[in-house]
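Have a look at the structure below before the remarks.
The values are calculated or read from the model by the stated rules, or taken from the named source; none is laboratory data. Keep in mind the model is a prediction, meaning the values are calculated, not measured. Positions of Cβ are generated from backbone atoms using ideal geometry, with glycine treated the same way; all protein chains shown enter the neighbour counts. Side chains are part of the model used for accessible areas, which takes the heavy atoms of the whole protein and leaves out ligands, DNA and RNA. Shrake-Rupley method; radii C 1.70, N 1.55, O 1.52, S 1.80 Å.
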Amino acid sequence: MTQWLSDILIRRPIQALSFLASIGFILVVVQFSSISDKIAYNTALKSAEAYSDAMVSIRDFYSSEIVPRARKGGATTTHAYHESDGAIPLPATLSIELGERVSGTSEGGKFRFYSAFPFPWRTGGGPRDAFESDALEALSQGDKDHFVRVEGIGGVQVLRYAAPVHMGASCVACHNTRADSPKTDWAVGDLRGVQSVQVSLPALSILDNARHSGLYAFMVIGVVTGLWIFAFLLRRLTRLVAQEREHLDKAQRHNEELQSAKNAAEHANHSKSEFLANMSHELRTPLNAINGFSEAMVSEVHGPLKNKRYEEYANDIRESGVYLLDLINVLLDLSKIEARKYQLFEEDVDIRAIVSSAMRLVHGQARAGKLRLESRLPENPLRLHADERALRQIILNLLTNAVKFTEEDGRVLLYVDVEDDGSLTIAIADTGVGISETEVSRLLAPFERANDAHTRKTEGAGLGLPLVASLVQLHGATMTIDSTIGDGTTVSVRFPANRVVRPTVETAHGDDHGATAA
């Protein structure tokens, strides 16, 4: 027998697998049918419990939050609330009418609230059938938290779930003092009534749904056919897997090559940053000498140059040297930050002093451009724990950009505010040309500039904004840029509250520390 089975499996594997699959399918159907009733029961029970818990939560919230507030506002609570203006329903009335409304509109569940001691006006307020009577009796014993029964109603199997409703302190006070109360000796924890939920049991059993035996034959044929198709596709898939494995091997080799190239590029970039960071002294020393000697020539320290052209040359050398030194300083600062060699020397610095210093430095540039340069600072002294040089660089770069990209008769405003959460915001708003939304993120990369006609006319290497972003990040602060083409730009730098030395200072909106530059 064993040999025969082995021969069948070896010579006709698909046929043997088809037969075994058919037997297995039938066993699965039978097994599934045996557990489907339990699944249906548990599903309906969970649904009924959730339904009941939701109604309890609604009633408790209404009783504890809505009713007290409404009564303080002069509203009355009554079962006949619809007959009186300014009245709201009693909690029990709300539960009953809400259950009736939901039961009338929902196809899934039915809800009912009843009691052994209904109020006189509550027609049909007591148990209506055997289940409700049995549930009321069982829950009155106090040893059960719910009562469940499965019944056939209208040809449909339904699960009926009943949960107790106990008297609360506020409910006892109300029920024992009402003239029309059917009982006046209620105590906290007494069973006031029962809320019943009725849900349909889902039809999960295949045997229940399969009304014709032909369905089983169709399923078996489908399984066998599927196995044959599977065998055919398996052979095709095997060939495709082999081809795909070859492609994957090639792709993996290519990825390894790309990774090696990426590592080499990152190493080269790191070496570049290390080189620039280490070249600080070598680059700055000769430039400082050039600037110093050209300044001496312009000032004619050792006597007149006696030739106007030499004076022009000296001025050109000094201006070019200063510009080149500023550019190299920015490059070196960025390289130090990238190489993680930039150190912050933090102390408590005076915001007003730093802002005033930066405003003086750009005042001449603003006046040449016929701009209004203004500031709005807090009335009281305000200090920030930060690197003074880096903070001045942040403010100066943002002010310079705002002045540079604002046309004649425009306005540049610098204001400082302490926010409600204790953080401090330094913002520079201008009425300049603006930046498009797509270019904002691009401008935070070194050497990037906006692609508009006004920007192309101005000088700059596109390093000021990236340096500001890096210095802001080193301070644990954040920078946001809000801009609209033609309407201007506002750049805001927010420092966290733990850096503000006096976070309770209020902003004086009328304090104008900037002069109009025209």
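Which residue out of ASP143, ASP180, ASP185 is in a loop (DSSP other than H, G, I, E, B) and modelled with pLDDT of 85 or more? So that I can check it myself, show each step before the final result.
Details: ASP143 fails: modelled with pLDDT of 85 or more; ASP180 fails: modelled with pLDDT of 85 or more.
Going through ASP143, ASP180, ASP185 in turn, just one is in a loop (DSSP other than H, G, I, E, B) and modelled with pLDDT of 85 or more: ASP185.
Which of the helices (runs of 4 or more DSSP H) found entirely inside region 407-518 contain at least 2 residues meeting this: of a type in the set (Gly, Ala, Ser), modelled with pLDDT of 85 or more and under 26 Å from SER356 (Cβ atoms)?
Helices (runs of 4 or more DSSP H) meeting the threshold: 464-474.
Scan (1) open to solvent by 20 Å² or more (accessible area, probe 1.4 Å); (2) over 21 Å from ILE58 (Cβ atoms) for the single condition GLU132 breaks and write down its number.
(1)
Of the residues that make up region 383-398, is at least one open to solvent by 30 Å² or more (accessible area, probe 1.4 Å), touching a residue at least 40 places away in the same chain (Cβ under 8 Å) and out of contact with any Asp or Glu (no Cβ under 9 Å at 6 or more places or on another chain)? Walk me through how you get there before you give the answer.
Going residue by residue through region 383-398, those that are open to solvent by 30 Å² or more (accessible area, probe 1.4 Å) are 383, 385, 388-389, 392-393, 396.
Then keep just the ones that are touching a residue at least 40 places away in the same chain (Cβ under 8 Å); that gives 383, 385, 388-389, 393.
Next, from what is left, pick out any that are out of contact with any Asp or Glu (no Cβ under 9 Å at 6 or more places or on another chain): 389.
Among the residues of region 383-398, at least one is open to solvent by 30 Å² or more (accessible area, probe 1.4 Å), touching a residue at least 40 places away in the same chain (Cβ under 8 Å) and out of contact with any Asp or Glu (no Cβ under 9 Å at 6 or more places or on another chain), which makes the answer yes.
Determine whether LEU398 is modelled with pLDDT under 90 and either within 26 Å of ASP350 (Cβ to Cβ) or part of a helix (DSSP H, G or I) (or both).
Values: modelled with pLDDT under 90: no; either within 26 Å of ASP350 (Cβ to Cβ) or part of a helix (DSSP H, G or I) (or both): yes.
For LEU398, the condition - modelled with pLDDT under 90 and either within 26 Å of ASP350 (Cβ to Cβ) or part of a helix (DSSP H, G or I) (or both) - is not met.
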